[in-house]
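Every number in this text was worked out from the coordinates using simple rules, so none of it is lab data. Note that this is a predicted model, so its numbers are computed, not measured. Neighbour counts are summed over all protein chains in view; Cβ atoms, including those assigned to glycine, are modelled from backbone coordinates with ideal geometry.
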Amino acid sequence: MKDISRADTALRGRLLWFVERPEEHGAGAVRYIEDGLLVLAGGRILAVGETSALRPALPAGAVIHDHSGRLITPGFIDPHIHLPQTQVVASWAAQLLDWLNTYTFVEEQKYGDPAHAARGAAFFFDELLSNGTTTAVAFCSVHSASAEAFFAESERRNTRMAAGKVMMDRYAPDALTDTPQSGYDDSKALIGRWHGRGRQLYAIAPRFAITSTPEQLEAAAALSREHPDCLVETHISENLEEVATAKRLYPECADYTAIYEKYGLFGRKSLMGHSIHLSESERQRYADADAVAVFCPTSNLFLGSGLFDWKAMREPRRPVRIGVATDIGGGTSYSMLQTMNEAYKVLQLQGQRLDSLALFHAMTRGNAIAIGLDHLIGSFEPGHECDAVVLDARATPAMAHRMETVTTLPEELFILITMGDDRAVEETYVMGEPKKPRKRG
Ligand code: GUN
Ligand code: ZN
């Protein structure tokens, strides 16, 4: 047995994680231990197994967090969310471009004020951790101050996060635009200060082709070449009017994907938010480039953008990596459980269906793969960082009542996704430490 004499912490509960995709590997993809122990040293997983086997070998001083009977999964990962949109959620707008101009670009201007940004970041992290989300890839506003506030808050909480200031140099109010040079310089300075510091990572963030000139997309691509281990996050093919506008602004490009291809922003580090209105040729190029399609179900429904086609993306001949994300504030819930609930329904509308194991995989290991961090997070295999969420499928009277008829783990998981939200999150662990704010009771 593995030597666990240097363990300092252990989490006990019903442990669930994945080692493959359940859609492809069925039960072989799943690891489940009914009375399991996660044994940690310095926040990393040293060993995982039956409590009866591991507990006798724990050193005397180790702290045991006992959640017997509760499900424990890797912390949820949200690969597309906007820091400065917490007060944009639930704005009654027409579709994307009207929503951006009428509400979003007004709120984002406030993030030039460091005090406003700090207050927003504190709220944002409280909300993420309350919902069991331990990693996110975030867009900040155009202002460096917003990214500084984000990273300072993340460092304080020791969370593994990626974020970037958005680059946008046209079709937005003056107070929200940078220039190709200042966008490059500010992003570069932020990368120097934050990328790889503790658990913080930088995501280069050209907002989308409409709000960036060709010169700015070139500047973003230069950053990506100079910092190839930074993520790139952007938006694409979310809304039909947006697609038509982007094509009009880049007439030499045959389709929207070709714009990002032309400027060297379409590769294995690229998180392509929305990716709804794509042709077969574009999907093939996602697979060839190993770019990631990020499905944002609550946002796509709220803004009437369209239905993400999971099956077409996962065509066995050329499967594309998929992330699933909240997209707050176009999205309407911070909860990844509720996000998967709406993902399920979007697929139902198209005659597609993911089972509850696939849905849980998507928001843990699946999203870790999407953002290229599956060697660090999204799993309970030894060596991973221990970010975890403790779930209670009886958290509300309606859930407890429904659970009376449940006999299998997949049924319980489906109830959590369909009926659960932050109330079902009993605790959130970050590097092995309990960090859920605003607990009930
Ligand atoms: N496209 C460009 N910016 C945004 C944004 O902030 N939210 C969404 N949903 N789409 C966008
Ligand atoms: Zn977005």
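Overview of results
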quantity	calculated
Aspartates and glutamates with Cα under 14 Å of Lys435, excluding same-chain neighbours fewer than 8 positions away	Asp126, Glu127, Glu153, Glu155, Asp387, Asp422, Glu426, Glu427
Cβ-based exposure ranking for Cys230, Cys386, Cys253, in which fewest neighbours within 10 Å come first	Cys253, Cys230, Cys386
Span from the the stretch 77-151 Cα centroid across to the the stretch 372-441 one, whole angstrom	24 Å
Nearest 10 degrees, 0 to 90: helix 409-419 Cα axis against the chain principal axis	50 degrees
Sequence-distant residues sharing a close amide H with Tyr429 (under 5 Å, placed H)	Ala388, Val389, Val390, Lys435
Span from the the stretch 1-58 Cα centroid across to the the stretch 231-246 one, whole angstrom	41 Å
Summed residue charge, Cβ within 14 Å of Phe18's Cβ, Lys/Arg positive, Asp/Glu negative	-3
Environment charge at Gly304 (Cβ cut-off 13 Å; Lys +1, Arg +1, Asp -1, Glu -1)	-4
Order of Lys269, Lys439 - criterion: other Cβ atoms within 10 Å of each residue's Cβ, fewest first	Lys439, Lys269
Footprinting exposure proxy for His361, His375 (fewest neighbouring C-beta atoms within 10 Å first)	His375, His361
Relative contact order computed over the chain (Cα-Cα under 8 Å; 6+ residues apart), in percent	19 percent
Shape category assigned to the stretch 233-338 from the gyration tensor of Cα positions, a/c cut at 1.5	oblate
Residue pairs, from the table Lys165/Lys436; Lys110/Lys439; Lys311/Lys439; Lys247/Lys311; Lys345/Lys439; Lys247/Lys269, whose Cα atoms sit over 32 Å apart	Lys311/Lys439
P(r) of the stretch 366-441 over all Cα-Cα pairs, binned every 5 Å from zero, in whole percent	3, 14, 19, 18, 19, 16, 8, 2
The chain: calculated mean residue ellipticity at 222 nm from DSSP helix runs of at least 4, using -39500 (n - 2.57)	-9500 deg cm²/dmol
Cα lying deepest toward the dipole's positive end in the chain, options Asn367, Leu349, Met272, charges on Cβ	Asn367
